[in-house]
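Just so it is clear, none of the values below were taken in a lab; they were calculated from the coordinates. Worth saying up front: this structure is predicted, and the values here are computed from it rather than measured. Virtual Cβ from ideal backbone geometry, glycine too; neighbours counted across all protein chains shown.
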Amino acid sequence: MSGLTFTKLSVGPMDNNAYLLTCTATGDSLLIDAANDAERLLQLIATAPSGISTVVTTHRHQDHWFALEDVIEATGAASLAHPADAPEIPTATGTLNDGDTIPLGDCNLTVIHLVGHTPGSIALYHDGHLWTGDSLFPGGVGNTRGNKANFESLINDVTTKLFDRFPDETEFHPGHGKDSTLGAERPSLAEWRARGW
């Protein structure tokens with residue numbers, strides 16, 4: 001991946017993934033999902049050359065922002081989320097819409113709105129890498145709790161905005177568990193749609 005490095009940290013008790021992204025040219029960094037274990041997250045942030053400027057929260061569920069207030073208080077970073085979810089995320093200081101870009105040093109992250117797991121779920125993209133929150137995992141899309149309309153929305157968004165847009169070698173990094181590639185998951189799209197979850 002050109003221009004960025006990232007570190008993945010799993011935090012408890014739900015094994016959420018938090019990601020520290022750093023521009024290799026400038027040292028500017030941001031955090032995706034201040035999920036839990038503020039002390040461990042702040043230790044990770046301390047490894048960044050100049051701390052973090054921003055925390056992006058992928059969606060409104062508390063297991064993805066439980067440590068957010070502590071991290072924002074300690075770092076002074078901006079707190080960004082999609083406007084459909086931001087009212088339920090404490091300390092959100094700004095919003096992100098589909099197609100927005102987040103500058104990170106010499107790099108830019110593109111915001112992709114994926115409706116279904118929550119109304120304001122987002123993924124971020126940069127140079128062959130997607131950070132998908134709880135919208136896409138190895139083996140399927142995120143949980144829509146048996147709501148058929150939400151599932152249809154999510155499977156359609158994931159198909160058209162991710163699989164139809166990016167090539168097989170694109171790596172994705174979810175909000176829980178292991179990473180995968182779009183190519184590894186693409187053959188299962190029809191199966192996911194047919195099973196309804």
Seminar exercise, completed: In whole angstrom, the spacing between the Cα centers of the range 139-176 and the range 32-50 equals 27 Å
Exercise. Between Glu69 and Asp98, what is the label-to-label distance in nm when each label sits 7 Å out along the Cα-to-Cβ direction?
Worked result: 3.3 nm
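Given a Förster distance of 25 Å, report the FRET efficiency between Glu152 and Ala190 from their Cβ-Cβ distance, rounded to the nearest 0.05.
On the way: r = 14 Å, r/R0 = 0.57.
With R0 = 25 Å, the Cβ-Cβ based efficiency is 0.95.
With +1 assigned to the C-beta of every Lys and Arg and -1 to the C-beta of every Asp and Glu, and no other charges, what is the dipole magnitude of the chain about the Cα centre in debye, to the nearest 20? Working shown, then result.
On the way: 11 positive and 25 negative charges, 94 e Å.
I would put it at about 460 debye.
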For this session: Report, to the nearest 10°, how far helix 148-157 tilts away from the longest principal axis of the Cα atoms in the chain, using its own Cα long axis and a range of 0 to 90°.
Result: 70 degrees
Seminar exercise, completed: Amide H proximity to Ser180 below 5 Å, modelled H, separation 5+ or other chain, gives Phe172
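Could you list the trypsin sites (Lys or Arg not before Pro) in the range 163-193 that lie in coil according to DSSP, counting only those with at most 16 other Cβ atoms within 10 Å of their Cβ?
When the trypsin sites (Lys or Arg not before Pro) of the range 163-193 are filtered for loop state and at most 16 Cβ neighbours within 10 Å, Arg165, Lys178 remain.
Work out, step by step, the length gained on full extension between Arg145 and Gln62: first 0.36 nm times the residue separation, then minus their alpha carbon distance; give nm to one decimal.
Net length gain for the segment: 28.3 nm.
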Exercise. What ranking, highest mean first, results for peptides 143-151, 85-93 when packing means the other Cβ atoms within 10 Å averaged over each residue?
Worked result: 85-93, 143-151
Exercise. Residue separation times 0.36 nm, minus the C-alpha to C-alpha distance between Arg165 and Thr7: what's the value?
Worked result: 54.4 nm
For this session: May I ask for the Rg/Rh ratio of the range 121-197, computed from Cα atoms with Rh as the Kirkwood radius, given to two decimals?
Result: 0.92
Seminar exercise, completed: One quarter of the C-alpha convex hull surface, i.e. the mean projected area of the range 1-67 in nm², amounts to 4.3 nm²
Exercise. How large is the convex hull of the Cα atoms of the chain per residue, expressed in Å³ as a whole number?
Worked result: 100 Å³
